[in-house]
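Input: a single structure, listed below in structure tokens.
The values are calculated or read from the model by the stated rules, or taken from the named source; none is laboratory data. These numbers come from a predicted model, not from an experiment. Positions of Cβ are backbone-derived with ideal geometry, glycine not excepted, and every protein chain shown enters the neighbour counts. We work out accessible area using only protein heavy atoms, side chains counted, and drop any ligands, DNA or RNA first. Shrake-Rupley method; radii C 1.70, N 1.55, O 1.52, S 1.80 Å.
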Amino acid sequence: MPANNTSDAVSVHEARTALGKRLRQLRQSSGMTGRQFAASLAWAPSKVSKIENGRQTPTDDDLRSWARASAHESELDALLASLHTLELQYAEWRHVLRAGHRPAQEQLLEWEQRTRLFRIFESTVIPGLLQTAEYARARFHESVRRLKGPNDADEAVAVRLRRQEILYRRGKQFHVVMPEAALRLRLCPVDTLLGQLDRLASASHLPNVRLGIIATATEYTVSPWHGFWMYDDRRVVIETFSAELDLRQPQEIELYGDAFEQLAGVASYDHAARQVIGQVMSDLASEADTPSS
């Protein structure tokens, strides 16, 4: 469910244009003009121009030929990753959720089965794999209200809870980092939030779950701009108000991996993390018991 207020990502057209600019740089570094480069590949000059200006999407074979002709075969993997990201990179929520939240939740199962190491940073919400049913239901209802899509919240909750079975699978590791502020956000009734925080504290005892909480007084080394999920070293998923970003370029994965390590490096773990959770629960309980004026 979209939960983070970040700016909209580049469109597919802009991503194609960025790829075209990179290809132009590789061609220019070979010392060839566009016409000379096209001739070396037995292509029409217009094809080189269209690809470089983002008016035509190259194929895998086009990129292989381009990397070879420009003597930059070491760049091929990154180029192919950029190409394969074009159609995956920006998925508008109104399109993704047009059939409801349940199918979208089911689609996550495949990636979660294939992933061994999950690195999760959430700046505003409890991660879905650690949510209680009632907290998850509140998140889905929020999305339904905002996007005005089909209301299948109960079915979506059932699938989300089924996804959580992966927490108990051998060979899976989960490293979750959150700021204390995310524990305090009133995204649901207080009793629901208290139940959610109790569940979070319990999950921190699981042998394959490493839960880090960044206390409010902690000095950050990198800004917590938005939440993101890393699936091994193959994929980074970011949720915005309007869309889901699916990043698979090596340089982007490396950047997010570094950001995660810096965020994780200032977090508290184990007993210290549970102390923060316990303090938040105590504060919430006190407020709930205080009569309104």
Rounded to the nearest 10 Å², what accessible area does HIS141 show when all protein chains are kept and the probe is 1.4 Å?
70 Å²
Can you sort SER82, SER282, SER143 by solvent-accessible area, 1.4 Å probe, largest first?
SER282, SER82, SER143
I'd like to check one number: the per residue accessible area of the chain, probe 1.4 Å, reported in Å² as a whole number.
49 Å²
Per the helix-only model, the chain has a calculated mean residue ellipticity at 222 nm (DSSP H runs of ≥4, -39500 (n - 2.57) each, divided over all residues, rounded to the nearest 500) of -16000 deg cm²/dmol
Tell me the Kirkwood radius of the stretch 136-178: reciprocal of the mean inverse pair distance over distinct alpha-carbon atoms, in Å.
12.1 Å
Tell me the Kirkwood hydrodynamic radius of the chain in angstroms, computed as one over the mean inverse distance between distinct C-alpha pairs.
21.3 Å
Here the convex hull volume per residue of the stretch 149-226, taken over Cα atoms and given in Å³, is 148 Å³
Can you tell me the length gained on complete extension of the stretch GLN275 to GLU73, counting 0.36 nm per residue apart and subtracting the Cα distance?
67.5 nm
On the full set of protein chains, 1.4 Å probe, figure out the accessible area of TYR220 and give it in Å² to the nearest 10.
80 Å²
Using alpha carbons only, how many degrees (0 to 90, rounded to 10) separate the axis of helix 133-147 from the longest principal axis of the chain?
50 degrees
Where the accessible area of the chain is counted over protein heavy atoms with a 1.4 Å probe, how much of it, in %, is carbon and sulfur?
50 percent
Using a Förster distance of 25 Å, how high is the FRET efficiency between GLN262 and LYS172, based on the Cβ-Cβ distance and rounded to 0.05?
0.55
Most mobile of ALA153, ALA67, ALA201 per a Gaussian network model of the chain (Cα springs, under 10 Å)?
ALA67
Between 0 and 90 degrees, rounded to the nearest ten: what's the tilt of helix 190-203 against the longest Cα principal axis of the chain?
70 degrees
Roughly how much of ARG119 is accessible, in Å² to the nearest 10, using a 1.4 Å probe?
30 Å²
Please give every one of the lysines within straight-line cross-link reach of LYS47, meaning a C-alpha to C-alpha distance under 26 Å, and leave out same-chain neighbours fewer than 8 residues apart.
LYS21
Quick one: if you stick a label point 7 Å off each Cα along the C-beta vector at ARG22 and LEU185, how many nm between them?
3.1 nm
If R₀ is 30 angstrom, what is the calculated FRET efficiency for the pair GLU219 and ARG146, using the beta carbon separation as r and rounding to 0.05?
0.35
Mind checking the log10 I(q)/I(0) for the stretch 199-268 at q = 0.14, 0.26 Å⁻¹? Debye, one equal scatterer per Cα, no solvent, two decimals.
-0.53, -1.19
